[in-house]
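Engineer: Here it is, the structure, as structure tokens.
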Amino acid sequence: KADSAMYKAKEDGRNNFHFFTEEIEKEALRKRQLEQDLNRAIENQEFELYYQPIETLDAEVISAEALIRWNHPLRGLVSPIEFIPFMEETSLIAPLGEWILKQACQDAMHWDHHCSVPPKVSVNISTRQFQNQNMPALVKQILTDTGLSADRLTLEITESLMIDDEDSTIHQLNSLRLMGVALSVDDFGTGYSSLSYLKKFPVSYLKIDRSFIQGLPNCQEDSALVEAILSMAESLRLQVVAEGVETSSQANYLASLKCRYIQGYWLSKPIPQHDFCNYLNTKLNSHQSRT
Ligand code: C2E
Ligand code: MG
Ligand code: MG
Ligand code: MG
């Protein structure tokens, strides 16, 4: 009896083992397919940038954030949260990141025809890109190639980049700032508790993460945090953008706190370049008819 129980346990163990290797193999296969898919996607130009405006409370468009979309031939529109983290793990983020930066600067050059004061373009940059590439050299090259002036470009970086405290990171960020490119801390408040990086790095904007905006104006904790961020930013002379503003009551509340810039579905969802030009046109016309 004991023997047969032992035999049974061994069988189960072997089955479990089979089960796990199968799962690992499946995951590896999925990643290999995604990698092949992504390589083809870059060649076939399946990527597209959408733009979402960042505005003052008087509805003046100061910037537009480039947000990548993947038009997959079979799967349709694929969200960046499905492939950006994977691309960061592999070396694919470098060529894609370069394409994004160049396309965004090119697109921003076209906005000049649709408004009197063309907005900046805000481009998300992965921490990995600063580790793998010389970003100031790349940015300089792209600005020269596209003709966009450096003060029209903002790079959105995350707290994880600045927490590393690498000399090379500080050096790259300082060079970019000296060129006239602005730096913005994305998803501010979700990363790390140490704020000392704010004195070391030449940052101009903080983007308060959507998760703190959601509960406004009723949630007391969210209100307290947003107020604290705004007053800290004021003392440090940093500009603040509230992300993920979805309702007029959130916008009004932020206005009452003197938060200058907002972004979110309440203003506009991210839209393709063509629609964004129309968005700028509409603003221009409504402004002209008012004056
Ligand atoms: P993120 O940079 O924090 O971008 C904001 C995300 O929130 C975007 O999602 C945007 O569509 C969404 N959003 C904007 N307003 C609202 C709102 O009012 N309500 C809600 N619920 N959501 C809102 P998306 O486009 O799916 O991008 C997700 C993340 O993927 C981005 O977060 C960014 O980290 C990354 N990502 C997107 N495009 C790029 C890119 O070109 N390069 C890199 N490295 N990362 C990118
Ligand atoms: Mg962003
Ligand atoms: Mg963000
Ligand atoms: Mg966010």
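The values are calculated or read from the model by the stated rules, or taken from the named source; none is laboratory data. What you see is a predicted model, and the numbers here were worked out from it, not measured in a lab. Cβ: placed from backbone, ideal geometry, glycine included. Neighbour counts: every protein chain shown. The accessibility values were calculated without ligands, DNA or RNA, using every heavy atom of the protein model including side chains. Shrake-Rupley method; radii C 1.70, N 1.55, O 1.52, S 1.80 Å.
Engineer: Relative to the compact globular guide of 2.2 N^0.38 Å, what is the alpha carbon radius of gyration of the stretch 186-291, as a ratio?
Structural biologist: 1.21
Engineer: Given that compact globular proteins tend to follow 2.2 N^0.38 Å, what is the ratio of the alpha-carbon Rg of the chain to that value?
Structural biologist: 1.21
Engineer: Helix 135-146: angle to the longest alpha-carbon principal axis of the chain, degrees 0 to 90, nearest 10?
Structural biologist: Roughly 60 degrees, rounded to the nearest 10.
Engineer: Between Glu25 and Ser160, how many nm apart are label points set 7 Å from Cα along the C-beta direction?
Structural biologist: 3.1
Engineer: Quote the FRET efficiency, to the nearest 0.05, computed for Ile42 versus Asp145 with a Förster distance R0 of 25 Å and r equal to the Cβ-Cβ distance.
Structural biologist: Once the sixth-power term is evaluated, E becomes 0.85.
Engineer: Can you tell me the 0 to 90 degree angle between the C-alpha axis of helix 80-89 and the longest principal axis of the chain, rounded to 10?
Structural biologist: Once rounded, the angle reads 70 degrees.
Engineer: Given an 8 Å cut-off on Cα distances and at least 6 residues of separation, report the relative contact order of the chain as a percent.
Structural biologist: 17
Engineer: Output the pairs from Lys120/Lys283; Lys140/Lys269; Lys207/Lys258; Lys31/Lys140; Lys120/Lys269 with a Cα-Cα distance over 23 Å in this structure; if there are none, say none.
Structural biologist: Lys140/Lys269; Lys31/Lys140
Engineer: Where nothing but the Cβ of Lys and Arg (+1) and of Asp and Glu (-1) is charged, how large is the charge dipole of the chain around its Cα centre, in debye to the nearest 20?
Structural biologist: 280
Engineer: Using 7 Å Cα-to-Cβ label points, what is the Ile170/Tyr192 separation (nm, one decimal)?
Structural biologist: 1.3
Engineer: Normalised by the residues of the stretch 63-188, what does the relative contact order come to in percent, with Cα pairs under 8 Å and at least six apart?
Structural biologist: Relative CO of the stretch 63-188 lands at 24 percent.
Engineer: A further question on this structure: So if the hydrodynamic radius of the stretch 131-185 is defined as the Kirkwood radius over C-alpha pairs, what does Stokes-Einstein give as its diffusion coefficient at 20 °C and 1.002 mPa s, in µm² per second?
Structural biologist: 184
Engineer: To continue, here is another question. Rounded to a whole number, what % of the accessible area of the chain do carbon and sulfur atoms account for, probe 1.4 Å?
Structural biologist: 51
Engineer: Separate question: Measure nothing but the geometry: give the 0 to 90° angle between the long axis through the Cα atoms of 273-290 and the longest principal axis through the Cα atoms of the chain, rounded to 10°.
Structural biologist: The angle comes out near 30 degrees.
Engineer: Rounded to the nearest 500, what is the 222 nm mean residue ellipticity of the chain from helices alone, with -39500 (n - 2.57) per DSSP H run of 4+ residues and division by all residues?
Structural biologist: Roughly -17500 deg cm²/dmol at 222 nm, from the helical runs in the chain.
Engineer: Moving on. Please identify every one of the trypsin sites (Lys or Arg not before Pro) in the stretch 190-238 that sits in a loop by DSSP and has no more than 11 other beta carbons within 10 Å of its own beta carbon.
Structural biologist: When the trypsin sites (Lys or Arg not before Pro) of the stretch 190-238 are filtered for loop state and at most 11 Cβ neighbours within 10 Å, Arg237 remain.
Engineer: Hey, which aspartates and glutamates would be in cross-link range of Lys200, C-alpha to C-alpha under 20 Å, not counting anything within fewer than 8 residues on its own chain?
Structural biologist: Once the sequence-local aspartates and glutamates are set aside, what remains near Lys200 is Glu156, Glu159, Asp164, Asp165, Glu166, Asp167, Asp186, Asp187, Glu234.
Engineer: Which whole-number percent is the relative contact order of the stretch 153-291 (Cα, under 8 Å, 6+ apart)?
Structural biologist: Relative contact order, the stretch 153-291: 17 percent.
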